[in-house]
Amino acid sequence: MNAKELRIGNLVTVADKEAIWEVYAVERFVRVIDLEGNKEFIPYRDLRPINLSHEWLERMGFQKLYMEDGDFFYELDLFGPDSKLTLIEGDKNGMVEVCLSFSENEVRFQYVHQVQNFYRAVTGKELKISVQKEVESCQ
């Protein structure tokens with residue numbers, strides 16, 4: 001995991017642990033807290049990004065919309081109903097990868113923290129994510 005991408009509020013996993021962790025400080029070690037309130041100092045090398053999945057997109061508030069041909073895409077309101085983040089998903093090497101397409105440029109996301117960071121940069125707000133204590137598969 002690239003430490004330069006981390007910021008407070010990002011969700012990650014930790015090697016050899018099942019839980020989802022939220023970053024609450026980025027220093028020499030990363031300080032993380034799990035859903036039970038347990039805090040730990042974790043070296044960067046032990047952090048793992050959470051792969052995007054359909055489940056994670058829906059937890060982040062994206063709405064799944066179907067097209068006439070049966071294909072689908074995801075949308076999330078940014079500043080209201082007239083300003084949307086549209087993601088088209090694809091399967092690349094067995095992982096869900098989403099692309100934000102605008103004009104002729106594309107931005108690609110593979111991990112939850114990348115979408116969190118993008119949303120924060122564009123809106124100035126934290127992306128609300130529904131995370132339950134029991135997560136089936138986070139990596």
Problem - Index of the failed condition, residue 35 passing every other in (1) surrounded by fewer than 17 Cβ atoms within 10 Å (Cβ to Cβ); (2) farther than 28 Å from residue 74 by Cβ - result: (2)
Exercise for the section: Considering only the range 8-29, state which residues are free of Cβ contacts under 8 Å to residues at least 40 places away in the same chain and not in a loop (DSSP other than H, G, I, E, B). Expected result: 14, 21, 22, 23, 24, 25, 26
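Suppose we filter the range 6-29 for residues that are acidic (Asp, Glu) and at pLDDT 90 or above; how many remain? Give the steps one after another, and end with the answer.
As a first pass, look at the range 6-29 and keep what is acidic (Asp, Glu): 16, 18, 22, 27.
From what's left, at pLDDT 90 or above: 22.
The number of residues fulfilling the criteria is 1.
Within the range 44-55, restricting attention to residues that are farther than 16 Å from residue 16 by Cβ and in contact (Cβ under 8 Å) with a residue 60 or more places away in the chain, which residue is surrounded by the fewest Cβ atoms within 10 Å (Cβ to Cβ)? Break it down stepwise before answering.
Residues of the range 44-55 that are farther than 16 Å from residue 16 by Cβ, as a first pass: 51-55.
In the following step, the residues that additionally are in contact (Cβ under 8 Å) with a residue 60 or more places away in the chain were identified as 51-53, 55.
Details: 51: 17, 52: 22, 53: 17, 55: 13.
This residue is 55.
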Practice task
Report whether or not residue 37 is outside the structural domain of residue 119 (by TED's automatic domain parsing) and closer than 24 Å to residue 125 by Cα.
Solution key: yes
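Please verify whether residue 138 is modelled with pLDDT under 80, more than 26 Å from residue 21 (Cβ to Cβ) and hydrophobic (A, V, I, L, M, F, W, C), treating the condition exactly as stated. Spell out the reasoning first.
Details: modelled with pLDDT under 80: yes; more than 26 Å from residue 21 (Cβ to Cβ): no; hydrophobic (A, V, I, L, M, F, W, C): yes.
Against the criterion (modelled with pLDDT under 80, more than 26 Å from residue 21 (Cβ to Cβ) and hydrophobic (A, V, I, L, M, F, W, C)), residue 138 does not qualify.
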Exercise for the section: Note down all Cβ pairs under 7 Å where the first residue falls in the range 110-137 and is among the acidic types (Asp, Glu), the second is modelled with pLDDT of 90 or more and not in a helix (DSSP H, G or I), and they're at least six residues apart or on different chains. Expected result: 126/9
Exercise for the section: Find the strands (runs of 3 or more DSSP E) located wholly in the range 30-105 whose residues include 2 or more that are closer than 17 Å to residue 11 by Cβ and modelled with pLDDT under 80, and list them. Expected result: 95-102
Fill in the blank from the handout: Counting only residues in the range 111-135 that are under 14 Å from residue 10 (Cα atoms) and assigned to a loop (DSSP other than H, G, I, E, B), the one modelled with the lowest pLDDT is identified as 131
Handout entry: Residue selected from the range 1-30 under the condition touching a Ser or Thr at 6+ places or on another chain (Cβ under 9 Å) and of a type in the set (A, V, I, L, M), by the criterion nearest to residue 109 (Cα to Cα)
Key = 20
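The values are calculated or read from the model by the stated rules, or taken from the named source; none is laboratory data. In this text the structure is predicted, and so the values were computed from the model without any measurement. Cβ sites come from the backbone with ideal geometry, for glycine too, and all protein chains shown count toward neighbours.
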